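The values are calculated or read from the model by the stated rules, or taken from the named source; none is laboratory data. Just so it is clear, the structure is predicted and the values come from calculations on it, not from any experiment. Note: ideal-geometry Cβ built from the backbone for every residue, glycine included; neighbour counts use all protein chains shown.
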Amino acid sequence: MADKKVRVRFAPSPTGDLHVGNIRTALFDWAYARHTGGTFIFRIEDTDTTRVTDEYIAAAIDTLRWLGLQWDEGPEVGGEYGPYQQSQRLDIYAHWAQKFLDQKDAYYCFCTAEELEARREAQRAANVAPGYDGQCRNLSEDHIAAFRSQGRLPVIRMRMPDGQTTFVDQIRGEVSFDHKFVPDFVLVRGDGSPLYTLAVAVDDVLMKVTHVLRGEDLLSSTPRQIRVYQAMGLTEDEYPTFAHLPFVMGQDNAKLSKRNGEVSVNWYREAGFLPEAICNYLALLGWSAGEDRENVTMQELTKLFTVERVHSSPAKFDMKKLEAINGDKIRALTLDEFLDWSLPFLKKADVIEGSEEEIALVKAALPIIQERITKLSEIPEMLKFLFVKDFAIAPEPVEKIKDDASKAVLARSLGELVPLEDWSHASIEAALRSSLIEEMGLKPRVAFGSVRIAVTGSTISPPLFESMELLGKSATLARISQALAL
RNA sequence: GGCCCCGUCGUCUAGCGGCCUAGGACUCUGGCUUCUCAAGCCAGCUACGAGGGUUCGAAUCCCUUCGGGGCUACCA
């Protein structure tokens, strides 16, 4: 088995936007495939047609692409074991269900939902492990015919033989389940549609999956999956190796969900997080490179990632750390990359429309804000002052430059700047320093603070002299005059 | 309730019997730098859930206990 070429799959059931936990799983699947030189398969598990929609499927594909987790086989790229969407493989599942029936590994069960619920209730009351009681296990042909004539639609149930299932989880070691606690489970609904339990196992076998890396929530369903492998004729050394990843938890220590934090990857995307930052941070949840290594590129991740270094304990999601990493990644961007990421945010915020002049100015301004933001969404606010048509100082800061001292600073500044020929930040700084600081004897933070408010409209801004250079001489002088007139 | 998984600073983690008076990162606090805000640099706070063993020696191995989580569907 070790010498088999690795094939791993990420198989979400898109019942909503892909969330952080899904992505962590996808990332590990991807990294493992890349690390081993194997194949990364992307499969859509949409057997629950009431919950999975086409929009969510399209969104999942888009999200995975955006993150840079390229798949080798799956939707839109194809592959020799497709289709990779379970709703398009119904005949395959039907075939295997019939085979299991023929082999007596599975049987028709006519119990209704109400009957089952009533019996489960009784089991709970009697303090017995709830689960299917095997009532329809050995129905005679006559019984079956009788039920059918009543119009009852049977489900197909897999028979769990006595005994136990033991498997070696790559992360947790040997795990064992007694079949007393693994009741006969449903493979096919009354309407003939397949259930996850059937579809995953069949697809993993048919798609030649060698390693199943998935969430810990599926750990206890593993015996059922193995049961299907066995019914398909696979022996232990032929079915996939399992590795159950620890959960990503929310602030309240429950599995991360909408209730306890932002879970949708799209939310992070819109909030201005870079895909590489999300992946880097997520990689650190439940895995570490060792040697105090934390900041890794996608490339490095594929080199360093091994299942041996994946944890068995759950990790809590920490937005602060994600932001810190995002800041690091933003600072590591080249100017052109940074520009590409910035433009959509500036346009969406209506700061720019996208003309060439605007883009040139953005490009010139980006270097001075690159180390000042942790999220791309902060860019519009920081650069707005360069583009606003009707410049106005915010209500709070405007009060701070109405006093005589501020007026004096602004008046002197204007006087110094009007004749200035070299409108570079260095020469602007030299002019203002010698006049305001040296000659007027003001403290830099006081003097430049007033100019900052007048020019940028805020007490917080990118470096002042660079900002003035970017704004241009006439606009800068106009703003100072405007402030002086208040 | 039953079954299963998990347990090192507030958080993510290093650690796989002696290198640990437990290291790093994020957060927080203080300082330096400084035209604001950041960034950067320095310093500080804080952890092996508890109790038993095994051993010359345990965060590391075993047991118990407590705590947290998952599953227990004609969801995945």
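Among the residues of segment A:142-171, those identified as of a type in the set (S, T, N, Q) and in contact (Cβ under 8 Å) with a residue 60 or more places away in the chain are A:165, A:170. All conditions in (1) of a type in the set (A, V, I, L, M); (2) buried (at least 16 other Cβ atoms within 10 Å of the Cβ); (3) over 21 Å from residue A:247 (Cα atoms) hold for residue A:31, with the sole exception of (3).
In segment A:214-249, of all residues being in contact (Cβ under 8 Å) with a residue 60 or more places away in the chain and within 12 Å of residue A:314 (Cβ to Cβ), the one that is surrounded by the most Cβ atoms within 10 Å (Cβ to Cβ) corresponds to A:245. Residue count for segment A:113-134 under the criterion of being within 12 Å of RNA strand B (Cβ to nearest atom) and either touching a helix residue (DSSP H, G or I) at 6+ places or on another chain (Cβ under 8 Å) or under 18 Å from residue A:190 (Cα atoms) (or both): the result is 10. Screening residue A:193 with (1) within 12 Å of RNA strand B (Cβ to nearest atom); (2) touching a helix residue (DSSP H, G or I) at 6+ places or on another chain (Cβ under 6 Å) gives one miss only, at (2). Looking across segment A:308-343, just one residue is closer than 20 Å to residue A:28 by Cα, of a type in the set (S, T, N, Q) and in a helix (DSSP H, G or I), and that is A:326. I'm checking my understanding of the structure. Among residues of segment A:1-48 that are within 16 Å of RNA strand B (Cβ to nearest atom) and in a strand (DSSP E or B), which one is nearest to the chain's Cα centre (by Cα)? Among residues in segment A:1-48 that are within 16 Å of RNA strand B (Cβ to nearest atom) and in a strand (DSSP E or B), the one nearest to the chain's Cα centre (by Cα) is A:19. Taking segment A:80-112 as the range and being loosely packed, with under 14 Cβ neighbours inside 10 Å and either assigned to a strand (DSSP E or B) or within 13 Å of RNA strand B (Cβ to nearest atom) (or both) as the test, only A:112 passes.
Residue by residue, here is whether (1) of a type outside the set (A, V, I, L, M); (2) modelled with pLDDT under 95; (3) away from RNA strand B (no atom under 11 Å from the Cβ) holds:
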site: A:288; (1), (2), (3): yes, yes, no
site: A:292; (1), (2), (3): yes, yes, no
site: A:312; (1), (2), (3): yes, yes, no
site: A:315; (1), (2), (3): no, yes, no
site: A:329; (1), (2), (3): yes, no, yes
site: A:332; (1), (2), (3): no, no, no
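Within 16 Å of RNA strand B (Cβ to nearest atom), modelled with pLDDT of 95 or more, in a helix (DSSP H, G or I) and in contact with a Ser or Thr (Cβ under 8 Å, 6 or more places away or on another chain) - does that describe any residue in segment A:344-353? Looking through segment A:344-353, none of the residues is within 16 Å of RNA strand B (Cβ to nearest atom), modelled with pLDDT of 95 or more, in a helix (DSSP H, G or I) and in contact with a Ser or Thr (Cβ under 8 Å, 6 or more places away or on another chain). Consider segment A:414-460 and keep the residues that are small (Gly, Ala, Ser) and not in a helix (DSSP H, G or I). The one that is nearest to RNA strand B (Cβ to nearest atom) is A:458. Of all residues in segment A:41-55, those that are of a type outside the set (A, V, I, L, M, F, W, C) have Cβ atoms under 7 Å from Cβ atoms of residues that are assigned to a loop (DSSP other than H, G, I, E, B) and surrounded by fewer than 22 Cβ atoms within 10 Å (Cβ to Cβ), 6 or more apart or on another chain, in A:45/A:13; A:46/A:13; A:47/A:193; A:47/A:195; A:48/A:13; A:51/A:15.
Being more than 7 Å from RNA strand B (Cβ to nearest atom), of a type in the set (Gly, Ala, Ser) and within 14 Å of the chain's Cα centre (by Cα) holds for only one residue in A:277, A:231, and it is A:277. Summed over segment A:461-475, the residues that are outside any helix (DSSP H, G or I) and over 39 Å from the mean Cα position of the chain (by Cα) give a count of 1.
Filter segment A:295-329 down to residues that are of a type in the set (D, E, K, R), in contact with a helix residue (DSSP H, G or I) (Cβ under 8 Å, 6 or more places away or on another chain) and over 16 Å from residue A:251 (Cα atoms), then give me how many there are. Break it down into steps so the answer makes sense when it comes.
Restricting attention to segment A:295-329, the residues satisfying the condition of being of a type in the set (D, E, K, R) are A:300, A:303, A:308-309, A:316, A:318, A:320-321, A:323, A:328-329.
With in contact with a helix residue (DSSP H, G or I) (Cβ under 8 Å, 6 or more places away or on another chain) added as a condition, the list becomes A:303, A:321, A:328-329.
Keeping just the survivors that are over 16 Å from residue A:251 (Cα atoms) gives A:303, A:328-329.
Here the count works out to 3.
Take the residues of segment A:141-171 that are of a type in the set (S, T, N, Q) and touching a strand residue (DSSP E or B) at 6+ places or on another chain (Cβ under 9 Å): which is nearest to residue A:211 (Cα to Cα)? Steps first, answer last, please.
Initial filter on segment A:141-171 (of a type in the set (S, T, N, Q)): A:149-150, A:164-166, A:170.
Filter once more, keeping what is touching a strand residue (DSSP E or B) at 6+ places or on another chain (Cβ under 9 Å): A:164-166, A:170.
On the way: A:164: 22, A:165: 18, A:166: 16, A:170: 9 Å.
Among residues in segment A:141-171 that are of a type in the set (S, T, N, Q) and touching a strand residue (DSSP E or B) at 6+ places or on another chain (Cβ under 9 Å), the one nearest to residue A:211 (Cα to Cα) is A:170.
I'd like to know if segment A:40-60 contains one or more residues that are touching a His at 6+ places or on another chain (Cβ under 8 Å) and either of a type outside the set (A, V, I, L, M) or surrounded by fewer than 17 Cβ atoms within 10 Å (Cβ to Cβ) (or both). Looking through segment A:40-60, none of the residues is touching a His at 6+ places or on another chain (Cβ under 8 Å) and either of a type outside the set (A, V, I, L, M) or surrounded by fewer than 17 Cβ atoms within 10 Å (Cβ to Cβ) (or both).
Pick from segment A:135-160 the residues that are over 26 Å from residue A:199 (Cα atoms) and assigned to a helix (DSSP H, G or I): which of them is nearest to RNA strand B (Cβ to nearest atom)? Write out each step before concluding.
Initial filter on segment A:135-160 (over 26 Å from residue A:199 (Cα atoms)): A:140-143, A:145-147, A:149-151.
Those still in the list that are assigned to a helix (DSSP H, G or I) too: A:141-143, A:145-147, A:149.
On the way: A:141: 20, A:142: 20, A:143: 16, A:145: 18, A:146: 16, A:147: 11, A:149: 17 Å.
Only one residue tops the list, namely A:147.
Annotation note: of A:379, A:369, the sole residue that is surrounded by 12 or more Cβ atoms within 10 Å (Cβ to Cβ), within 11 Å of RNA strand B (Cβ to nearest atom) and under 49 Å from the mean Cα position of the chain (by Cα) is A:369.
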